[in-house]
Amino acid sequence: MGRIIPSVTGLLLVFVTSKAFDIEIAPANRIAAQIGDKLVLTCSTIDCETPSFSWRTQLDNPLGGTVNNKGNISILTMDPVGLANEHDYLCNAFCDNVEKEKNIKVDVYSFPSDPVLEISTPLNVGEKASVTCVVAKVYPSDRLEMQLEKDGSVLAREEFYMETSETTQTKSLTVTFIPIFEDIGKEITCVAELPIIEMEFEPKRRQTSQRLNVNLVPRITEFSIQPSTTVQEGDDVTIICSVESNPAARIVLRRKSDSEDTVLYSKDGIFHVPRVTFLNAGNYECEAENALGKSKMAAALSVEYGPRNTTVSVSPSATVREGEAVTMTCTSYGNPSPKISWTKHLISGESQFLSEDATLTINNIKTEDLGVYECEGANQLGREKKAVELIVQVPPKDTMLSVFPSDTVREGDSVTFSCTSKGIPAVQVILRKKTGGVDPVLVSENGRYTIYGAQQEDGGVYECESRNELGQQFQNIMLDVKAPSRNTTELIYPSDNVDEGEKVTITSTTYSNPPSQIVLQKVHPSNTTILSSQNGTASLYRVIRNYTGTFPVVVYNEAENNTEAIEIAVVASVKKPAYMIPVIVMVSCLSTVAIPVLAILIYVSRKAKINGSYHPVNALKPNV
């Protein structure tokens, strides 16, 4: 080394001296060596090129190694390190008769490898098993600490401080336990520590872990239907099957049915059913199987839905005859089961409640029972209706034949026949005029037949026949056509030109309905004489000249009254031929006598009881 000395002149004077002789030892003054390893100790000198070295132990035990000197370095090699190398080693170096010494403490230990786990196999859930942790070639074993853990939880711990440690030893720690399903896949860890504070070495802690392979026959821990085993149609449903098993089980989900089970393609025992329908309801099964066995579990899914497929069956038929019985049965599907109710549609548009039974029976069917019957199935999720039309077949009845304006009309009037009848199926109405032979069918429309300008020959009996496939019914009516007289003729016998004193017979005939009354009159300048007649025939006995003149013939009935006139000439008695020629005179209608005159004539005729042939002198002679 050198020193710096200040001079009086201010200059620094540097004096250089040689370094002092010394030695160094490596590694440091204390080292921990693992048994079986190689340990190299190095001793070197400082400021001495050619030293001499020597190594020894503190108690002069064998070195247990080899020494190699090279220049100012001496190397002590212990290969392998053994228990005999646990000493204080001294390195002596001589240089120029100067001796230097350094020592180093060598501690020996053995902790060469991680612990070994020995697990009894096979491990079965529920069966006794053991786990052993083994630490080999440890020294000093009395400083060893061991601990068995399962998923971080301590199963067992042991310290060996009570044992002597003369050499390396193998230590073990054993735990007996009964595996459970939860142990599958868990880690068993053995932790071994050699916590020697006074030694510096690594590692002082070693550990080994191993996962437990526990065999388990499949056990279904959960078979559930989410969100619930009862859902509403349209909900999403998930079927979950959870299985405890080792080795892993094959999980199969099925939908059970009476005919054939359906396998559901699930993933890890999970099956999703989006927007379920009533068709998804039913029994489901989970089956788990591995090499050790199998297990099954079942669950039921109930899907609530509103009424549907509502139907009505009718026995014996929806078409029945009046007086028969009919039974209508309503069926509606839903979950919960729909409540059934029956109503009938009324003509007013309203509905009449009938029953809450699924079966509706009507005995002794009447016409008023026909119509539309409606069955309704209802639950809290909705309602559905089904209607059926009940047809009541009725043979023709209440057949009515009427004539308008009356069954008695005047000739020339229009008259309409109308026939109505009830019956189901609808009745066919046929109008005929009875003739006593083949009755002609009248062309009618909807049971109506009109005669325009009725004639006397249109009078008579008319018949209405109403018929359907169940039967027929008849009704008759008499039409009376009031017709005025026609084809009126007057016969004067022997002639309208007669001799005084002869007998003259006047006969009047006519056609009418009803038959007309015929009144013969003799008109005088001062009065009118009604001649007695019978059936339109009047006789004049021993006519005289003043009979010459007009003889009115009054023809009347309900339809009309007409007056016709004939002329008779009485001449003085003259010899006439022996033969007589009757003369028929067709007289035209002159005029209609006023109603008051006709009334007087009828009155006088009735008062006189004109019922035969009388002489004119015996007739009444009212003044007109």
When every residue in region 326-350 that is of a type in the set (Gly, Ala, Ser) and loosely packed, with under 15 Cβ neighbours inside 10 Å is compared, the one nearest to Tyr305 (Cα to Cα) is Ser337
I need a count of the residues in region 435-452 that are more than 55 Å from the chain's Cα centre (by Cα), of a type in the set (Gly, Ala, Ser) and either farther than 20 Å from Val481 by Cα or crowded, with 16+ Cβ neighbours inside 10 Å (or both).
1
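Could we say that Lys137 is at positive phi and either in contact with a strand residue (DSSP E or B) (Cβ under 6 Å, 6 or more places away or on another chain) or assigned to a strand (DSSP E or B) (or both) here? Explain how you work it out, then say what you get.
Working: at positive phi: yes; either in contact with a strand residue (DSSP E or B) (Cβ under 6 Å, 6 or more places away or on another chain) or assigned to a strand (DSSP E or B) (or both): yes.
Considered against the rule, which asks whether it is at positive phi and either in contact with a strand residue (DSSP E or B) (Cβ under 6 Å, 6 or more places away or on another chain) or assigned to a strand (DSSP E or B) (or both), Lys137 comes out as yes.
Could you say whether any residue in region 499-518 is within 60 Å of the chain's Cα centre (by Cα), touching a residue at least 24 places away in the same chain (Cβ under 8 Å), surrounded by fewer than 17 Cβ atoms within 10 Å (Cβ to Cβ) and part of a strand (DSSP E or B)?
Kept after step one, since they are within 60 Å of the chain's Cα centre (by Cα), are these residues of region 499-518: none.
No, region 499-518 contains no residue that is within 60 Å of the chain's Cα centre (by Cα), touching a residue at least 24 places away in the same chain (Cβ under 8 Å), surrounded by fewer than 17 Cβ atoms within 10 Å (Cβ to Cβ) and part of a strand (DSSP E or B).
Any idea which of Gly152, Gly126 is among the small types (Gly, Ala, Ser) and free of Cβ contacts under 8 Å to residues at least 40 places away in the same chain?
Going through Gly152, Gly126 in turn, just one is among the small types (Gly, Ala, Ser) and free of Cβ contacts under 8 Å to residues at least 40 places away in the same chain: Gly152.
Name the residue that is least open to solvent (accessible area, probe 1.4 Å), counting only residues in region 402-428 that are within 54 Å of the chain's Cα centre (by Cα) and under 19 Å from Gly460 (Cβ atoms). Give the steps one after another, and end with the answer.
Initial filter on region 402-428 (within 54 Å of the chain's Cα centre (by Cα)): 418-428.
From the residues that got through so far, the ones that are under 19 Å from Gly460 (Cβ atoms) too are 418-419.
Numbers: Ser418: 27, Cys419: 5 Å².
The selected residue is Cys419.
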Checked Ile180, Ile188 against criteria (surrounded by 17 or more Cβ atoms within 10 Å (Cβ to Cβ) and either over 23 Å from Lys150 (Cβ atoms) or not acidic (Asp, Glu) (or both)); the one match is Ile188
Might you let me know whether region 65-73 holds any residue that is assigned to a loop (DSSP other than H, G, I, E, B), farther than 19 Å from Glu202 by Cβ and either touching a strand residue (DSSP E or B) at 6+ places or on another chain (Cβ under 8 Å) or touching a residue at least 24 places away in the same chain (Cβ under 8 Å) (or both)?
yes
When Ser355 is run through (1) under 30 Å from Val214 (Cβ atoms); (2) open to solvent by less than 30 Å² (accessible area, probe 1.4 Å), the failure sits at (1)
For residues in region 206-231 being in a strand (DSSP E or B) and closer than 18 Å to Thr132 by Cα, which is modelled with the lowest pLDDT?
Val214
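Open to solvent by less than 60 Å² (accessible area, probe 1.4 Å), of a type in the set (Gly, Ala, Ser), in contact with a strand residue (DSSP E or B) (Cβ under 6 Å, 6 or more places away or on another chain) and not in a loop (DSSP other than H, G, I, E, B): which single residue out of Ser485, Ser495 fits that description? Full working, then the answer.
On the way: Ser495 fails: not in a loop (DSSP other than H, G, I, E, B).
Exactly one of Ser485, Ser495 is open to solvent by less than 60 Å² (accessible area, probe 1.4 Å), of a type in the set (Gly, Ala, Ser), in contact with a strand residue (DSSP E or B) (Cβ under 6 Å, 6 or more places away or on another chain) and not in a loop (DSSP other than H, G, I, E, B), namely Ser485.
Go through region 532-550 and count every residue that is closer than 19 Å to Leu491 by Cα, out of contact with any Lys or Arg (no Cβ under 6 Å at 6 or more places or on another chain) and of a type outside the set (Gly, Ala, Ser).
Going through region 532-550, the residues closer than 19 Å to Leu491 by Cα turn out to be 532-543, 547-550.
Still in the running and out of contact with any Lys or Arg (no Cβ under 6 Å at 6 or more places or on another chain): 532-540, 542-543, 547-550.
After this cut, where a residue has to be of a type outside the set (Gly, Ala, Ser) as well, the list is 534-535, 537, 540, 542-543, 547-548, 550.
Residues in region 532-550 being closer than 19 Å to Leu491 by Cα, out of contact with any Lys or Arg (no Cβ under 6 Å at 6 or more places or on another chain) and of a type outside the set (Gly, Ala, Ser): 9 in total.
Please work out which residue is modelled with the lowest pLDDT, limiting yourself to region 437-482 and to residues that are within 30 Å of Pro515 (Cβ to Cβ) and of a type in the set (Val, Ile, Thr).
The first filter runs over region 437-482 and keeps only residues within 30 Å of Pro515 (Cβ to Cβ), leaving 437-440, 442, 449-464, 475-482.
The next check asks that each one be of a type in the set (Val, Ile, Thr); those that pass are 438, 450-451, 461, 477, 481.
Numbers: Val438: 85, Thr450: 94, Ile451: 94, Val461: 94, Ile477: 94, Val481: 91.
Per the criteria, the residue is Val438.
Quick one: is Arg432 part of a strand (DSSP E or B), under 30 Å from Pro338 (Cα atoms), open to solvent by 40 Å² or more (accessible area, probe 1.4 Å) and among the charged types (D, E, K, R)?
Numbers: part of a strand (DSSP E or B): yes; under 30 Å from Pro338 (Cα atoms): no; open to solvent by 40 Å² or more (accessible area, probe 1.4 Å): yes; among the charged types (D, E, K, R): yes.
Spelling it out, it is not the case that Arg432 is part of a strand (DSSP E or B), under 30 Å from Pro338 (Cα atoms), open to solvent by 40 Å² or more (accessible area, probe 1.4 Å) and among the charged types (D, E, K, R).
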Based on what the data block shows, is Pro316 of a type outside the set (Gly, Ala, Ser), without any contact (Cβ under 8 Å) to a residue 24 or more places away in the chain and in contact with a strand residue (DSSP E or B) (Cβ under 9 Å, 6 or more places away or on another chain)?
yes
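For residues that are touching a Gly at 6+ places or on another chain (Cβ under 9 Å) and without any contact (Cβ under 8 Å) to a residue 12 or more places away in the chain, tally how many sit in region 354-384.
Step one: list which residues in region 354-384 are touching a Gly at 6+ places or on another chain (Cβ under 9 Å), which gives 364-366, 377-384.
Pick out the ones that are also without any contact (Cβ under 8 Å) to a residue 12 or more places away in the chain and you get none.
Looking only at that region, the number is 0.
Looking at Ser245, Ser259, can you tell me which residue is of a type outside the set (A, V, I, L, M), in a strand (DSSP E or B) and modelled with pLDDT under 95? Break it down stepwise before answering.
Details: Ser259 fails: in a strand (DSSP E or B).
Only one candidate qualifies: Ser245.
Go through Val403, Val409, Val392 for me and flag whichever is under 16 Å from Val314 (Cα atoms) and β-branched (Val, Ile, Thr).
Values: Val403 fails: under 16 Å from Val314 (Cα atoms); Val409 fails: under 16 Å from Val314 (Cα atoms).
Residue meeting the stated conditions: Val392.
The values are calculated or read from the model by the stated rules, or taken from the named source; none is laboratory data. Remember, predicted model here, so these are calculated numbers, not experimental data. Glycine also receives a Cβ, built like all others from the backbone with ideal geometry; neighbour counts cover every protein chain displayed. Areas reflect the complete protein model, heavy atoms only, side chains present, ligands, DNA and RNA absent. Shrake-Rupley method; radii C 1.70, N 1.55, O 1.52, S 1.80 Å.
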